[in-house]
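The values are calculated or read from the model by the stated rules, or taken from the named source; none is laboratory data. This one's a predicted model, so the numbers in the text were calculated from it and none came from an experiment. So basically every Cβ, Gly included, is an ideal-geometry build from the backbone, and we count neighbours across all protein chains shown. Protein only, heavy atoms only, side chains kept; ligands, DNA and RNA dropped before computing areas. Shrake-Rupley method; radii C 1.70, N 1.55, O 1.52, S 1.80 Å.
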Amino acid sequence: MFAARGTADFLYYYLEAGRTMRTYQPPPDKSITLRALLLGAIARGRTVIQNPLFCADTAAALACLRALGVELRVSKRSIAVQGRGLNGLTRPRRALNAGEAAAVARLLAGVLAGQSFPSEITGAASLRRRPMARVAAPLALMGADIKTRSGKLPLKFRPAALKGIVYPLPVASAQVKSAVLLAGLYAAGRTVVKERAPSRDHTERLLAHFGARLSRRGRAITLTPGPLAGARLSVPGDISAAAPFIAAALLSGRALLVKNAGLNPSRLGLLKALRKMGAAFRLTPRRGGPEPSGDLLVRPGRLKGAVITATEVPAMIDELPLLAVLAAAAEGRTVIRGAGELRHKESDRIKATLALLKVLGAPARYRGGTLEITGPAPFRGGTAAAFGDHRIAMAAAAAGVRTAAPLKINGRRCVKKSYPAFFADLKKVFPC
Ligand code: S3P
């Protein structure tokens, strides 16, 4: 799909670039690790997650699950979850703290809505600012007794009987989709979620892997309630964590081989956009497991501006700040439609991305959900702010491989949310 040039050409490239090509192994996927933990907790029997991610968000998930009575054995390369079955979780003694992890708060909401005990989810200050009505509304439609504080955390649950619903998603959000599907496990009757645009489908894949009855027709996913069975899985590398390295390779004109990356098509929007912009990739899939994975060869080349549609955005939602940085290096104008969701991430990513583009000297504007960037920019360097947002810190760091003067990033420690070793890895792969 992404092989813009012939196999022979790429083979030649491997040989030609072999001496200078860098190799990189991304950390395990965050979305998949979180889902595997959650599904393992409510499945019957034991789940073994090989190569799980360890970061602040997954630590928050482990703490929430332990507070719900789940036994977890954590070792360096795996986590064993002793599943309690759909109805075996126990009442937590205090509010569950999702830290800064919106995925933990929202997915857990789907599970807690169906429990026979009251519970509460809270989180760190940054998470308490993020919208929760988007999950509370469909869960209430299913019959959940759920309260928010003006549409935000804390979420409070009381026991209630759930029923299946047909729910057209008003926002293209994998987290909302997942919350409804997880609550559907506890509902009477089938639950149908209809997507506006394809978002990451890890919940669907893993539900099926854990034995759930789930089918997809077009953009509609149907779940029939029933028990889950513990499973084994190995988590592939996180393509969103690899994305700054892919960007850095393109920005510095170096070839990069990304090893064992998640290659789930619902996460490959950035590669698709970059192909439109003139970049070339070679994907070598591996076999086995519920999640597609494999190696990815990035071949540098000149980039030109492109138009990205709103339907394409969910498959690269976390990569948009990076795409904006790459657009700043490209010749001509890049238009990204349907970017409004960026306002609701760890920071207001529209504001943060525009600020970063300004430091790079790239003319950019945001209007009515559309972000426009004109390149090529001078990539001057200076000081960029992370806005407390790991994806912004990483996008700035990727830009830094190209800036004329060093690019200092204020507040860069926020990368611990998803990728504690990010700066150490970047230095190894792209020493300045
Ligand atoms: C995620 C879904 C996306 C993404 C987030 C992780 C997930 O959020 O931005 O980093 O694991 O489901 P939305 O579903 O709110 O778009």
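Starting from the Cα-Cα distance between R77 and A140, subtract it from 0.36 nm times their residue separation and give me the gain in nm to one decimal.
Gain in length upon complete extension: 18.8 nm.
Find the all-direction average of the projected area of the Cα convex hull for the range 197-268, expressing the result in square nanometres with one decimal place.
Taking the Cα atoms of the range 197-268, their convex hull projects to 6.2 nm² on average.
Using a Gaussian network for the chain with springs between C-alpha atoms less than 10 Å apart, which of these wobbles most: A421, A61, A352?
Top of the fluctuation ranking is A421.
If you average 1/r across every pair of different Cα atoms in the range 338-402 and take the reciprocal, what Kirkwood value do you get, in Å?
Result for the range 338-402, one decimal place: 12.0 Å.
Taking the Cα centre of the range 38-156 as origin, work out the dipole magnitude from +1 charges on Lys and Arg Cβ and -1 charges on Asp and Glu Cβ, in debye rounded to 20.
140 debye
May I ask you to order 299-312, 21-34 by the average number of other C-beta atoms within 10 Å around their residues, highest value first?
Averaged packing, sorted descending, gives the order 21-34, 299-312.
Give me log10 I(q)/I(0) at q = 0.23 Å⁻¹ for the range 216-347, Debye formula, one equal scatterer per alpha-carbon, no solvent.
-1.41
Ignoring everything except DSSP H segments at least 4 long, calculate the 222 nm mean residue ellipticity for the chain; use -39,500 (n - 2.57) per segment, divide by total residues, nearest 500.
-9500 deg cm²/dmol
Give, as ranges by residue number, the residues of the range 110-127 whose backbone N falls under 18 Å from the point 7 Å along Cα→Cβ of R149.
Only 119-127 fall inside the zone, counting backbone N under 18 Å.
Before I look further, what does the chain give for accessible area per residue, probe 1.4 Å, in whole square angstrom?
40 Å²
Near the amide H of R44, under 5 Å away, which other amide H atoms are found, from residues 5 or more places off or on another chain, if H is placed in the peptide plane?
Hits under the 5 Å cutoff: G85, L228, A229, G230.
Show which aspartates and glutamates lie in cross-link reach of K351 when reach means a straight Cα distance below 17 angstrom and same-chain residues fewer than eight apart are skipped.
The qualifying aspartates and glutamates are D318, E319, E341, E372, D389.
Run through the range 231-297 and list the trypsin sites (Lys or Arg not before Pro) located in a DSSP loop whose Cβ has at most 14 other Cβ atoms within 10 Å.
Listed in order of number, the matching sites are R287.
Mind grabbing the base-10 log of I(q)/I(0) for the range 30-232 at q = 0.14 Å⁻¹? Debye formula, identical points on the C-alpha positions, no solvent, two decimal places.
-0.72
When Lys and Arg each count +1 and Asp and Glu each count -1, what net charge do the other residues less than 12 Å away from P321, Cβ to Cβ, add up to?
In short, -1.
Near K304, within a Cβ-to-Cβ distance under 14 Å, what is the net charge of the other residues, with Lys and Arg +1 and Asp and Glu -1?
Net charge around K304: +3.
Straight distance only, please: which lysines reach the Cα of K194 with their own Cα at less than 16 Å, same-chain residues fewer than 8 apart left out?
Those lysines meeting the cut-off are K177.
At q = 0.06, 0.09, 0.14 Å⁻¹, what is the base-10 log of I(q)/I(0) for the chain according to the Debye formula with one equal point scatterer per Cα and no solvent? Please give it to two decimals.
Values returned for q = 0.06, 0.09, 0.14 Å⁻¹ are -0.24, -0.54, -1.29.
If I compute solvent accessible area with a 1.4 Å probe over the protein chains, what percent of it on the range 30-232 is carbon and sulfur?
49 percent
For the range 140-224, what size does the Cα cloud have along each of its three principal axes, sorted from largest down, in whole Å?
Principal extents (largest minus smallest coordinate, Cα): 34, 25, 21 Å.
What is the sum of charges around F387, taking Lys and Arg as +1, Asp and Glu as -1, for the other residues whose C-beta is under 9 Å from the C-beta of F387?
Spelling it out: positives minus negatives among the neighbours equals -1.
Only residues of the range 72-90 count here: report those whose backbone N is under 14 Å from the spot 7 Å along Cα→Cβ of K259, or say none.
none
Can you list the HN-Hα couplings for the range 178-191, worked out from phi with the Karplus curve (6.51, -1.76, 1.60; θ = phi - 60°), rounded to whole Hz and with x for Gly and Pro?
5, 4, 5, 5, 5, 5, x, 5, 9, 8, 7, x, 7, 10
Convert each backbone phi in the range 291-308 into a coupling constant with the Karplus relation 6.51 cos²θ - 1.76 cosθ + 1.60 (shift: θ = phi - 60°), then list the ³J(HN,Hα) values in order as whole Hz, x for Gly and Pro.
10, x, 8, x, 9, 9, 9, 9, 10, x, x, 6, 9, 10, x, 8, 9, 10
Can you order the peptides 334-344, 362-372 by their average number of other Cβ atoms within 10 Å per residue, highest first?
The peptides rank, most packed first, as 334-344, 362-372.
Which distance in nm do the two modelled labels at R286 and F117 give, with both placed 7 Å along the Cα-to-Cβ direction?
Distance between label points: 3.8 nm.
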